[in-house]
Amino acid sequence: MEFTLSPLGDAAIIIELGKTIEMNIHENVQHVFSYFDHHSPDWVIECIPAFTTVTLIYDPIKTVRINKHSLPYQIVSEYITETLKTLDKTQSEFGRTIEIPVCYGGELGPDLEFVAEHNKLSAEEVIGIHSASEYLVYMIGFAPGFPYIGGMSDKIAAPRRSSPRLKIPAGSVGIAGSQTGIYPIETPGGWQLIGQTPLKLFQPESKSPSLLKAGDVIQFKPISYDQFLEEKEKMI
């Protein structure tokens, strides 16, 4: 496994595992993240995966207790280098497959018709294509619980809105370019909204606030408006 290390301030280190968004690089990111997330020494504060990197935030004071004659960054980088040399990928834990129910169109997906017209498809065809794919969560960012996912068909790609909305409801499913995403909280945004899920992607009161994690596989499931209201009631 090839990697490079670089400092991020005086209490974090970036493990770079590649330069492009590719499946093999994503798998290496997940291998490294999974290991440090489950086997970190006590001086590791947090482990954060991204598209091509894993960032370790550490406690400099605790690291110097290991070796008073070396700088914290040197101690951490040497530890990471030795660990990754012998990392057993078979022990890594990968993500889950999570079904996301979505009510498409209507007041919950006001831009569905635009996406259909832009691609010379019917609304039903857009729904069929969008819900037929499996999507991979590469990372969580931008907003709490917001999944950066890959896997959407270019057949339903659509440009962002020329004028962003000031408020997009939590759970809204949108399309921007060749990407699709889910807004976990109410926020401004310029994506084309095609539906909404009743699930709460961000639950700050939970031990794991984000429903989705990097490495998860998403499958969208079309539901009716009545089913949406029923599931939404359960979330309250």
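The values are calculated or read from the model by the stated rules, or taken from the named source; none is laboratory data. Because the structure is predicted, anything quoted here is derived from the model rather than measured. Every residue, glycine among them, receives a Cβ derived from its backbone with ideal geometry; neighbour counts consider all protein chains shown. Side chains are part of the model used for accessible areas, which takes the heavy atoms of the whole protein and leaves out ligands, DNA and RNA. Shrake-Rupley method; radii C 1.70, N 1.55, O 1.52, S 1.80 Å.
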Using the crude model of +1 on Lys and Arg Cβ and -1 on Asp and Glu Cβ, and no other charge, please compute the dipole size for the range 1-142 relative to its Cα centre, in debye to 20. 740
In the neighbourhood of residue 129 defined by beta carbon distances under 12 Å, the net charge of the other residues (Lys, Arg +1; Asp, Glu -1) is -2
By the DSSP-based rule, helices of the chain that are at least 18 Å long along the axis (C-alpha) and have a mean Kyte score of at least 0.5 are none
Residue-normalised 222 nm signal for the chain, counting each DSSP H run of n ≥ 4 as -39,500 (n - 2.57), nearest 500 deg cm²/dmol, is -8000 deg cm²/dmol
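Around residue 75, under 15 Å between beta carbons, what's the net of Lys plus Arg minus Asp minus Glu among the other residues?
So the environment of residue 75 carries a net charge of -2.
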Enter the Cα centre distance for the pair the range 181-236 and the range 156-177, rounded to the nearest angstrom. 15
Projecting each Cα onto the charge dipole of the range 19-110 (Lys/Arg +1, Asp/Glu -1 at the beta carbon, about the Cα centre), which of 104, 54, 26 comes out farthest on the positive side? 54
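Tell me the carbon and sulfur percent of the accessible area for the chain, rounded to whole percent, probe radius 1.4 Å.
C and S atoms contribute 53 percent here.
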What are the ³J(HN,Hα) values, in whole Hz, obtained from phi via the Karplus relation 6.51 cos²θ - 1.76 cosθ + 1.60 with θ = phi - 60°, for each residue of the range 152-164 in sequence order, with x given for Gly and Pro? 7, 5, 5, 5, 10, 5, 8, x, 5, 5, 5, 10, x
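To the nearest 20 debye, what is the magnitude of the charge dipole of the range 105-236 about its Cα centre, counting +1 on the Cβ of each Lys and Arg and -1 on the Cβ of each Asp and Glu?
Dipole about the Cα centre, nearest 20: 440 debye.
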Within the set of other residues whose C-beta is less than 13 Å from the C-beta of residue 104, count the net charge using Lys and Arg as +1 and Asp and Glu as -1. -4
For the chain, what is the largest minus smallest coordinate of the Cα atoms on each principal axis, given in angstrom and ordered from greatest to least? 66, 36, 35
Name the residue farthest towards the positive end of the dipole of the chain from the options 159, 139, 75, assuming +1 on Cβ of Lys and Arg, -1 on Cβ of Asp and Glu, about the Cα centre. 75
